[in-house]
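Q: Take this structure first; my questions come after.
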Amino acid sequence: MKTRSKEPFWLLKNGLIQTYPSLHQSLTCDVLIVGGGITGALMAWSLIGAGFDVVLIDRRDVATGSTAASTAMLQYEIDTALHQLIPMIGEENAVQAYQSCRKAIRTIEQLVEGLKSRSGFVRKNSLYMAAVQADEEFLRQEFETRRNHGFPVEWLDRKALRNRFGLAAVGAICSSDAAEIDAYRFAHDLHRASVRKGLRIFDHVEIVSLDYTNRGARVITGSQVMIDTRKIVYCTGYESQEMLPEKVVDLKSTFAIASEPFSNLPAELRSILLWDTQRPYLYLRTTDDNRVLVGGGDIPFNNAAIRDELIESKQEMLTDQVRQLFPDLPFIPDQAWAGTFGETKDGLPYIGEHPAFPNSYFALGFGGNGITFSVTAAELIRDRLLGKPAEELRLYRFGR
Ligand SMILES: Cc1cc2nc3c(=O)[nH]c(=O)nc-3n(C[C@H](O)[C@H](O)[C@H](O)COP(=O)(O)OP(=O)(O)OC[C@H]3O[C@@H](n4cnc5c(N)ncnc54)[C@H](O)[C@@H]3O)c2cc1C
């Protein structure tokens, strides 16, 4: 499955940052990570830091899957609103899931600082905006719930939105804990740092057979090389659904555009990430080279060719939506691309063991918060491998 169209913004902006050797010799390791996107990169960094001997393989060039297509808004706000998640999984669990995403943003910030990564990490406010008058009540309920659970939120009414952001909307929740990043560059920075600490990465490696044994697993690759490992961690993104016996995710085709760079982008717009209550929702952020990135227009995923044929019409639709929202902004689309992402029944990821895959773990950050979920996955799976309690995994288990 092709998880994105040919020319996602970050790949054009950065080029192919780094490639790795392919695998021609059999080897052994403690942990084999399959998939080298942002999830595999965070996982590898976490496991190498914990002292494991780690090998990472990818069937493509690393970080060129969804990670290169991501608009990479970092929010603690899960696709399922907190006040809706509470009746689904209980108050304590729902708040814990939200808090974990909040903590993950801080973790990414510390990693960026520690690695001196130039991946454009910037702290921002997240504006969750009522698209139509009828959504105001839903949003106010969400605002009250978050405030009551200690999340730093502010309510902005129509006047405040117009005065502060030039936005034509009825109301919004403004959350201070949010950020943006270039996930593609960040994944490469993490890989490079992990390699310096002993990670072995091989790209263009296809698994052709896999045997689970009492002591781990034996993988045979397309070049007939063996990898003997104690554990496997699958960081295989949206393609993972093809491996799993049961359906855990609804795959969607999603679309994004980057504007031409602005010579003076309004400071207020630069200070926010924006998303709204429509289904599918419209979302928007700026970049460090003064563009506006806009995403939305999701439809059920059928196949990559059908998805990619829609790029032009979705570009027009998203452009119209931005122009309506910011009538004074001279928005000119420069580049459009498509990707695939997935929604789960509760908006939470799938992380942990699966009964059909012994000695293995999955780190599947499905949903709009994919990147923050990947941070959580890297920490919880590391703890599980170290034999430490990783209680939170109960929230993200298969079969829930
Ligand atoms: C347009 C778009 C916008 C998005 N916006 C946001 C956002 O604003 N914020 C956010 O948090 N998330 C967002 N997401 C989601 C986010 O991009 C993903 O959660 C994240 O990139 C997933 O990273 P990953 O490493 O798990 O998957 P990927 O980046 O897809 O990496 C998986 C890797 O596994 C490899 N692989 C798969 N199967 C195998 C196999 N069998 N053998 C070997 N290798 C294999 C692939 O080649 C790939 O390199 C967005 C996604 C899209 C498409």
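Taken together, the values in this text are just the output of simple stated rules run on the coordinates, not laboratory data. In this text the structure is predicted, and so the values were computed from the model without any measurement. Reconstructed Cβ throughout: ideal geometry from the backbone, glycine too, with neighbour counts over all protein chains shown.
Q: If amide hydrogens are placed 1.01 Å from N in the peptide plane, which non-local residues have theirs closer than 5 Å to the one on TYR350?
A: Residues meeting the amide H criterion: LEU364, PHE366.
Q: Local charge sum around GLN224 (other residues, Cβ-Cβ under 13 Å, Lys/Arg +1, Asp/Glu -1)?
A: My count for the surroundings of GLN224 gives 0.
Q: Could you list, in their original order, any pairs among LYS197/LYS231; LYS6/LYS252; LYS103/LYS388; LYS103/LYS124; LYS2/LYS116 whose Cα atoms are separated by more than 22 Å?
A: LYS2/LYS116
Q: What do you get for the angle between helix 311-325 and the principal long axis of the chain? Use alpha-carbon atoms, 0 to 90 degrees, nearest ten.
A: 40 degrees
Q: Between the range 165-212 and the range 266-285, how many Å separate their Cα centres?
A: Each part's Cα centre sits 20 Å from the other's.
Q: Given a 10 angstrom Cα cut-off, can you work out which residue in ALA68, ALA169, ALA41 is the most mobile in a GNM of the chain?
A: ALA169
Q: Now, a different point. Any chance you could get the radius of gyration and Dmax over the Cα atoms of the range 313-400, in Å?
A: Expressed in Å, the Cα Rg and Dmax of the range 313-400 come to 19.0, 57.
Q: Give me the angle, in degrees from 0 to 90, between the Cα long axis of helix 370-385 and the longest principal axis of the Cα atoms of the chain, rounded to the nearest 10.
A: 30 degrees
Q: Counting Lys +1, Arg +1, Asp -1, Glu -1, what net charge surrounds GLY295 among other residues with beta carbon under 11 Å of its beta carbon?
A: After counting each charged neighbour, the total is +1.
Q: For the chain, modelled as a GNM with alpha-carbon contacts under 10 angstrom, which of GLN18, GLN133, GLN224 fluctuates the most?
A: Among GLN18, GLN133, GLN224, the largest GNM mean-square fluctuation belongs to GLN133.
Q: What number comes out for the charge environment of ILE351, summing +1 per Lys or Arg and -1 per Asp or Glu over other residues with Cβ under 9 Å away?
A: 0
Q: Another one. Which residue, chosen from LEU386, GLY171, ILE207, occupies the Cα position most advanced towards the positive end of the dipole of the chain, where the dipole is computed from +1 (Lys, Arg) and -1 (Asp, Glu) charges on Cβ about the Cα centre?
A: LEU386
Q: Calculate the all-directions average of the projected area of the chain's alpha-carbon convex hull, and give it in nm².
A: The number I arrive at for the chain is 18.4 nm².
Q: Further, regarding this structure: Using only Cα atoms, find the angle between the long axis of helix 38-49 and the longest principal axis of the chain, and express it within 0 to 90 degrees, rounded to the nearest 10.
A: For 38-49 against the chain, the angle is about 50 degrees.
Q: Report, to two decimal places, the Cα Rg of the range 250-343 normalised by 2.2 N^0.38 Å (N = number of residues).
A: Computed over Cα atoms of the range 250-343, the ratio equals 1.07.
Q: Along the range 242-250, what does the Karplus equation 6.51 cos²θ - 1.76 cosθ + 1.60 (θ = phi - 60°) give for ³J(HN,Hα), rounded to whole Hz, x for Gly and Pro?
A: Those phi angles translate into 5, 7, 7, x, 10, 7, 10, 9, 8 Hz.
Q: Per residue of the range 136-153, in order, report the coupling 6.51 cos²θ - 1.76 cosθ + 1.60 (Karplus, θ = phi - 60°) as ³J(HN,Hα) in whole Hz, putting x for Gly and Pro.
A: Going residue by residue, I get 5, 5, 4, 5, 5, 5, 5, 4, 4, 5, 5, 4, 5, 9, x, 7, x, 10 Hz, with x marking Gly and Pro.
Q: Quick one: which residues, 5 or more positions from TYR361 or on another chain, have an amide H under 5 Å from its amide H? H modelled 1.01 Å from N in the peptide plane, none for Pro or chain starts.
A: ILE232, VAL233, TYR234
Q: What value, in deg cm²/dmol to 500, does the helix sum -39500 (n - 2.57) over DSSP H runs of n ≥ 4 give at 222 nm once divided by the residues of the chain?
A: -10000 deg cm²/dmol
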